[in-house]
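Novice: The structure follows.
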Amino acid sequence: MSLGVKHKKTYLNIKDGKIALRQPNGERALYDSIEGSLVGITKQPREFKGETVIYWYIDLQDEDGETYSLSLHYNSGVAKAILNSLASVETFGKIKIETYLKNEFTKTLVYNNGEKLPWKYAELPPVETVELGGKTVKDDSKRMRFFEDIANELVNKVNRVNN
């Protein structure tokens, strides 16, 4: 028989170039980075202001077993940059995700065992323009399928390490 302690998951998001943790009093504690072992990446819908919005959840676990889940808008540049950086990892170690603000946009750096990760893919599927109801709109569905494939590859690699 083995006994275990179930650790809670702490949810984080990104606000103004910082990693934000909502406190019980409603205020936000802001951090420059998060660090731990990558234990999961999921895509889930979430209700937000009366509509369903899709988010990525990138789960990192610290040495005490506490899991921190960084929630990112599905098609955000930050999510794509993190996934593209993680795709370049051969063997996962301690992952660090650092965020900062540059020209009013959140940017990110990702490290594996202290080594800054490059993007694996410099060329991405193009965003297409399509006619929809008489209007021209941007269609990023091919690009997002590409990132879903990256996420699936990462999850499979993490599962091989953790099993």
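The values are calculated or read from the model by the stated rules, or taken from the named source; none is laboratory data. Predicted model, so just to flag it, every value in this text is computed and none were measured. Reconstructed Cβ throughout: ideal geometry from the backbone, glycine too, with neighbour counts over all protein chains shown. For the accessible areas, the whole protein counts, side chains as well, though only heavy atoms, and no ligand, DNA or RNA atoms are used. Shrake-Rupley method; radii C 1.70, N 1.55, O 1.52, S 1.80 Å.
Novice: Hey, which of the strands (runs of 3 or more DSSP E) in region 48-146, taking only ones fully inside, have at least 1 residues that are in contact with a strand residue (DSSP E or B) (Cβ under 8 Å, 6 or more places away or on another chain), within 19 Å of Asn156 (Cα to Cα) and open to solvent by 30 Å² or more (accessible area, probe 1.4 Å)? So that I can check it myself, show each step before the final result.
Specialist: Details: elements: 51-61, 67-73, 94-102, 105-112, 128-132, 135-139.
Those strands (runs of 3 or more DSSP E) span 51-61, 94-102.
Novice: Looking at region 32-47 only, could you name the residues that are in a strand (DSSP E or B) and surrounded by fewer than 14 Cβ atoms within 10 Å (Cβ to Cβ)?
Specialist: First pass over region 32-47, keeping only residues in a strand (DSSP E or B): 33-47.
Scanning region 32-47 gives Thr42, Gln44, Pro45, Arg46, Glu47.
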